[in-house]
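The next block holds one structure in the form of C-alpha cells; read it before the comments.
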Amino acid sequence: MEKWFNVGKIVNTHGIKGEVRVISKTDFADQRYKKGNSLYLFMSDDADPMELIVESHRTHKNFDLLTFEGYDNINQLEELKGGILKVPESQLGKLQKDEYYFHEIIGCTVITDEGEEVGKVKEILTPGANDVWVVKGKGGKEQLIPYIADVVKEINVVEKKITITPLEGLLS
C-alpha cells in the first residue's frame, strides 16, 4: 500500500485562466511544483486520487499559484477546491545529512542523555528560527523541545529514538 504525503491544499481559484491557489505544506515548493511533475489530488468524497500534471507555478502573496495540464479555465477548477495535493513516498527526495522529514521525527521517543524518558514527539511547530517539537510525556504533560544543536544531541530514525541534553529549566 502506497504511503502519501501532503504538499498542499487547493483553497480557491485565481483569475479566470485556470490557476488555483494552494496553501503549501512543503519546504520544497519549487521542486514539488515544477512543470511536468505529478501531484495527486485527494477529495474527501473520492476513494482514489486524481493525478494532476503541473503546467506552471508562481507565488503570489502567501500562496502558490498552480495550473495543471488540461485545465485552462475557472469552471473546470471549481470542483477541485478543498482538495489535498499529495505525493507518494517514492517521490520524496533524499535529504542532506542531519536533515529529516517530519514523519520521521513524529513518533520518536525522546530521552535525556542521562536515560530519562521525556515522551514521544507528537507534533512539530515551525514558528521561526528553529523548529519546536511537542513531546507528550507519560502523564499527558506536553514539553516543548527546541530543535537546536545545544539540546538535540542524537537522532536515530531507524530506532525511533532522540537523545537530548535539556537546558536548565527546559523540562518542568
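Any read-out appearing in this document is the output of simple, stated calculations on the displayed coordinates, not a laboratory observation. Note that the structure is a prediction, hence the values are computed from the model and not measured. Cβ coordinates were reconstructed from backbone atoms using ideal geometry, including for glycine residues, and neighbour counts include every protein chain displayed.
The ranking of Ile74, Ile10 by Cβ neighbour count inside 10 Å, starting from the fewest, reads Ile74, Ile10. Using the Cβ-Cβ distance between Glu78 and Phe5 with R0 set to 22 Å, the FRET efficiency from 1/(1 + (r/R0)^6) comes to roughly 0.25.
Computed from backbone phi with θ = phi - 60° and the Karplus coefficients 6.51, -1.76 and 1.60, the 3J(HN,Hα) list for the stretch 57-71 is 8, 8, 10, 8, 6, 9, 10, 9, 9, 10, 10, 10, 4, x, 10 Hz; x is used for glycine and proline. With +1 on each Lys and Arg Cβ and -1 on each Asp and Glu Cβ, and nothing else charged, work out how big the dipole of the chain is about its Cα centre, in Debye to the nearest 20. With Lys and Arg at +1 and Asp and Glu at -1, about 240 debye. Relative to the current alpha-carbon distance between Lys94 and Thr109, full extension at 0.36 nm per residue lengthens the span by 3.1 nm.
Distance between the pseudo-spin-label points of Thr126 and Asp46 (7 Å out from Cα toward the beta carbon): 2.6 nm. Cα gyration tensor of the stretch 102-164, axes a ≥ b ≥ c as square roots of the eigenvalues: rounded (a/c below 1.5), prolate (a/b > b/c) or oblate? Rounded is the answer for the stretch 102-164, as its axis ratio a/c remains below 1.5.
For the stretch 1-56, trypsin sites (Lys or Arg not before Pro) meeting the loop criterion (DSSP other than H, G, I, E, B) and having at most 16 other Cβ atoms within 10 Å: Lys3, Lys17, Lys25, Lys34, Lys35. Applying the Karplus relation 6.51 cos²θ - 1.76 cosθ + 1.60 with θ = phi - 60° to the stretch 144-160 yields 3J(HN,Hα) values of 9, 10, x, 8, 10, 4, 5, 9, 7, 9, 8, 10, 10, 6, 5, 8, 6 Hz, where x marks Gly and Pro. When the chain is described by a simple charge dipole with +1 on each Lys and Arg Cβ and -1 on each Asp and Glu Cβ, the residue from Met43, Leu65, Cys108 located farthest towards its positive end is Leu65.
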